[in-house]
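Read the structure below first, then the notes.
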Amino acid sequence: STDTSDWKTYVIPNKLSLKYPPNLIVKNYQQDVVHIGYTESSFGPKGDAITIDARLVGVYANYDEAVKVGTKNLPSDIIIESLPESIKLTWDLSNISGEFKDWYSTLVYLKYKNGAITIQFNDQTMGPRTYEKVVNTIKVQ
């Protein structure tokens, strides 16, 4: 099991907190949207290790509606796991584009009040075990 004692903590006030490895950096380009990546230049479609959207706007204002929309038109190889107060979707990005060979994406819809906070992992370097550890440190406020 990964020791998280030296990990940093990030807080989205009045919504959630999470821990992440100390070698990653956090960017907050807009209120309640957090990008966690490896370097200043790594942010973007292939660079963010983790993206959290806690704005709760549009379809995400309603958890059930967000999950319904988010689980429509999914790739055939998707794995859907229902968890307490959340749903987790995992799929192979190489089936969407050859440029993402051996890359997997995981998207968690986390129930927050009536809405959905999304946490997306889209990175080959970090590995799923570290991502799971990050997700397990999330505390809803």
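What order, most packed first, do the peptides 108-121, 15-28, 64-77 have when packing is the mean number of other Cβ atoms within 10 Å of each residue?
On the way: 108-121: 19.9, 15-28: 16.2, 64-77: 12.4.
Per-residue Cβ counts within 10 Å, averaged per peptide and sorted highest first, yield 108-121, 15-28, 64-77.
Using 0.36 nm per residue of separation minus the Cα-Cα distance, give me the extension gain between Leu83 and Gln141 in nm, one decimal.
Working: separation 58, 0.36 × 58 = 20.88 nm, distance 1.84 nm.
Separation in residues times 0.36 nm, less the Cα-Cα distance, equals 19.0 nm.
Using a 7 Å offset from the Cα along the Cα-to-Cβ direction at both Asn14 and Lys27, what is the distance between the two label points in nm, to one decimal?
It is 2.7 nm.
Every number in this text was worked out from the coordinates using simple rules, so none of it is lab data. This one's a predicted model, so the numbers in the text were calculated from it and none came from an experiment. For neighbour counting, all protein chains shown are included, and Cβ atoms are generated from backbone atoms with ideal geometry for every residue, glycine included.
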